[in-house]
Amino acid sequence: MACLGFAVVGTSSISESFISVLNASDDARYVGSVSRDRERAARVTAEHGGTVPFTSLDAVLACEEVDAVYIASPNALHAAQALDCVRAGKHVLVEKPLALCEADARSILDAARSAGVVAMEAMRSVHDPGMQTIRDAIARIGRVRRASLRFGKYSSRYDEVLAGRQTNIFDARMGTGSLMDIGVYCVEACVALFGAPDAVTCAPVLISGPDSEQTGGVVDGAGTILARYPDKVVELSYSKISQDLLPCQIEGELGTVTYSGVSVPLEGELLLRGRAVGGAQRPGEFSEGDVTERLAFPACDNNMCYELADFIACVRGGLDAAPFGEITCTSLSIMDEARRQAGIEFPRG
């Protein structure tokens with residue numbers, strides 16, 4: 001089958017990262033980027049080796065060279081743009097989150113099935129082979145009882161908020177905030193590893209109230225979600241207003257898995273517990289005869305290549321897109337409930 005021709009909606013840094021994996025792929029071809037600014041569209045397209053710049057999504061959908069569209073526009077535009085693509089018979093890969101809520105995500109996936117095309121969320125960690133490394137390690141630690149999945153990175157855009165200026169990264173009208181921007185990585189890793197929880201409780205750190213014009217209403221800067229399962233509890237911690245230096249940790253009855261990088265698994269360890277020590281007096285002395293192993297994660301400069309490979313495999317029929325869609329929808333259902341508890345409201349339609 002010929003290379004899949006891609007148009008890219010958006011000209012941000014994440015778009016450039018995706019174009020780089022397109023240009024490195026033998027199975028995909030970069031056609032051009034979309035920008036309302038004609039000169040910018042032409043410049044970005046030429047800089048990255050494309051051939052057709054676009055000034056509208058309609059132009060993309062009318063282009064026979066384009067088989068698939070990668071959407072990296074503001075969150076609030078994802079659902080409508082994705083639906084336009086699938087209804088026009090184009091495959092679509094949408095930067096996370098696929099939509100602002102579960103209902104919109106399911107509408108996109110249902111429309112894609114009806115149109116005979118593939119719609120998928122571009123969630124790097126779900127497609128990274130490092131996730132299988134983590135699953136294999138979890139299988140060795142007995143029954144999982146507790147886990148902590150975390151991602152905290154101070155955003156330079158928060159400086160704009162503190163200065164009283166509007167920024168799309170912290171704006172309810174854009175469907176943004178800490179949970180939707182980086183907390184989503186924790187939520188989707190939780191669902192990918194453990195499935196859907198029975199219940200969730202959200203403890204948000206809000207940086208604006210309902211009457212804030214600057215942020216378009218209530219917006220979170222950080223937060224913690226507690227996901228409860230019949231036999232375990234999973235803590236999901238995220239922040240764009242502070243720096244989290246702790247690794248992710250998964251605790252089983254026979255051992256513990258730790259790893260860094262919930263969005264890009266980088267390094268980790270598997271500790272298999274030895275004999276439990278009763279009444280230990282020295283700090284940290286809980287067991288003796290422990291065995292520690294380093295986890296081997298595949299080296300990769302840009303793990304967006306894995307989501308691209310899986311997307312192309314789904315388009316060509318070698319891989320089923322449905323399980324990825326279910327992870328997306330289950331994750332959005334968790335975030336819907338977390339936002340409800342936090343009082344965060346996004347626009348619909």
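Points worth noting:
- Here is the tail figure for segment 112-244: Cα pairs spaced more than 20 Å apart come to 54 percent of all pairs.
- Comparing Ser56, Gln249, Gly5 along the charge dipole axis of the chain, the residue lying farthest to the positive side is Gln249, per the Cβ-charge model.
- Based on protein heavy atoms only, segment 283-349 ends up with 54 Å² per residue of surface accessible to a 1.4 Å probe.
- Averaged over residues, the count of other Cβ atoms within 10 Å places the peptides 24-30, 161-167, 81-87 in the sequence 81-87, 24-30, 161-167, highest first.
- Packing rank of 291-300, 217-226, where each peptide gets the mean count of other beta carbons within 10 Å, highest leading: 217-226, 291-300
- Across all directions, the shadow cast by the convex hull of the chain built on its C-alpha atoms averages 19.1 square nanometres.
- Estimated dipole of the chain in Debye, rounded to 20 [Cβ of Lys and Arg +1, of Asp and Glu -1, Cα centre]: 380
- Nearest-10 value in Å² for the accessible area of Cys305, using the 1.4 Å probe: 50
- Rg/Rh, computed from the Cα trace of segment 26-134 with Rh as the Kirkwood radius, has the value 0.99.
- The convex hull drawn around the Cα atoms of segment 233-316, when projected onto a plane and averaged over every direction, covers 9.0 nm².
- A dipole drawn for the chain from +1 and -1 charges on Cβ atoms has a positive end, and of Ile312, Thr201, Met120 the residue lying farthest that way is Thr201.
- Look at where the Cα atoms of segment 84-109 and of segment 165-194 average out, and the two centres are 17 Å apart.
- Ligands, DNA and RNA aside, Phe286 has an accessible area near 150 Å² when probed at 1.4 Å.
The values are calculated or read from the model by the stated rules, or taken from the named source; none is laboratory data. Model, not experiment: these values are computed from the prediction. Glycine also receives a Cβ, built like all others from the backbone with ideal geometry; neighbour counts cover every protein chain displayed. Keep in mind that these areas ignore ligands, DNA and RNA; they rest on the heavy atoms of the full protein, side chains included. Shrake-Rupley method; radii C 1.70, N 1.55, O 1.52, S 1.80 Å.
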